[in-house]
Each structure stands twice: as C-alpha cells, then as structure tokens.
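The values are calculated or read from the model by the stated rules, or taken from the named source; none is laboratory data. Everything quoted here is computed from the prediction, not taken from an experiment. Virtual Cβ from ideal backbone geometry, glycine too; neighbours counted across all protein chains shown. All accessible areas refer to the heavy atoms of the entire protein, side chains included, with ligands and DNA or RNA removed. Shrake-Rupley method; radii C 1.70, N 1.55, O 1.52, S 1.80 Å.
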Amino acid sequence: MALYYAPAFFGHLLGRCLQARGGLAKVGAAAAGGVVSSSSQEVGAVAQLGLVVVLSFALIWSPWLTSVKDASQLSPVSLQAQLCGALTLAATAPSMLHQIMRPSPLGLLLAMANTALAIFMFAFQVHEKSVLLPLLPISMMAAHYPGLAVWTPIVAMVSMYPLLERDGLSLPNCQAC
C-alpha cells in the first residue's frame, strides 16, 4: 500500500537529479549508458537511482509474474479498468510534474497526499481503509495547513463508516468524530 506514494517520490527524486548542475545531461547520460561526457560519479548517482527503481519494481512484481502462465491472467483488460488507469494517471500527473520542475520538501508532502487521494478516488479496486493513506502526509503538514489536518481525518472516518459498521465498530467511530 505504500506504493500509493511512489509517483510522488519518483517525481521528487527525478526533480532533485535534474535540479543539480548539468542535471539533464546526467539523466541523459545515464539513459544512454554513459555515452555523453559527464563525470562518472554524477552519472553513477543517476544510474543508481534508476537501478533502485527497476529493482524495486522487479522485486515487488516477481511473485506474480513468475506464477502467471499467460499475460491475460494478470487482469482482464476492460474499458472500465483502462478508464480508471487513465483517470488515476491524469490526477497524479500534475503533482509529479510540479515535483520534477521544482522539488521541495513541502511539495513532496503535497504530492504524496495528492497521489494517495487520486489513487483512492480513481483506482479500479480500492478498499475503504485506503483512505487512511493520505492522512500521513496531511498530518505531517499540520503546521502549514492546520484546517486540512483537522478536517481530513474526520472525513476519512465518515467514509470508513460502512466498513466499521460491518465489523461492529460504529460506536468507537462516532466517539472519534
């Protein structure tokens, strides 16, 4: 579930690499395998970032990819799933682009909250408790946005009411609000 924050971290880390002196050349050199003349240490840092992203993806997906006999078993490709994917990407893209252009610590928290909320709102199959994931970065921004940090947990508790009612936890839910 922490992958909800992955687009924000990707945008932030790529933005930090590009922000450094000669960053575009470094990223291009790492993508081209170090063909462009740049210091090997700088190219190595960008290449390490790319390697970490690729290895993390492979590590996370390897159990499912090795057990699947046919690619069509992964998920049925339907119009609804494609629409959800497109909406999720469209909702997360602005914060990712902002972090690529101007990375900042507060911007990273805003991007984390935005991507987690976008995935919660537009993803194909989401559990009710996934609304709790945006609360982490929003709580960390309490000094900057106190109203948001106060009201968002209350809205999350209201949206989780059907799940808590089914488990017999409606009374503690009402006390929390």
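Descriptive notes on the structure:
- Only one of S139, S130 that is in a helix (DSSP H, G or I), within 20 Å of L117 (Cα to Cα) and in contact (Cβ under 8 Å) with a residue 40 or more places away in the chain: S130
- Search result, residues across the range 94-104 that are in a helix (DSSP H, G or I) and open to solvent by less than 30 Å² (accessible area, probe 1.4 Å): S95, Q99
- Here G168, G85, G107, G147 are screened, and the one residue that is assigned to a helix (DSSP H, G or I), modelled with pLDDT under 85 and not hydrophobic (A, V, I, L, M, F, W, C) is G85.
Matching residues to (1) surrounded by fewer than 12 Cβ atoms within 10 Å (Cβ to Cβ); (2) within 18 Å of Y5 (Cα to Cα); (3) modelled with pLDDT of 90 or more; (4) β-branched (V, I, T):
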position	(1), (2), (3), (4)
T115	no, yes, yes, yes
M121	no, yes, no, no
V126	no, yes, no, yes
V131	no, yes, no, yes
P137	no, yes, yes, no
A143	yes, no, yes, no
M160	no, no, no, no
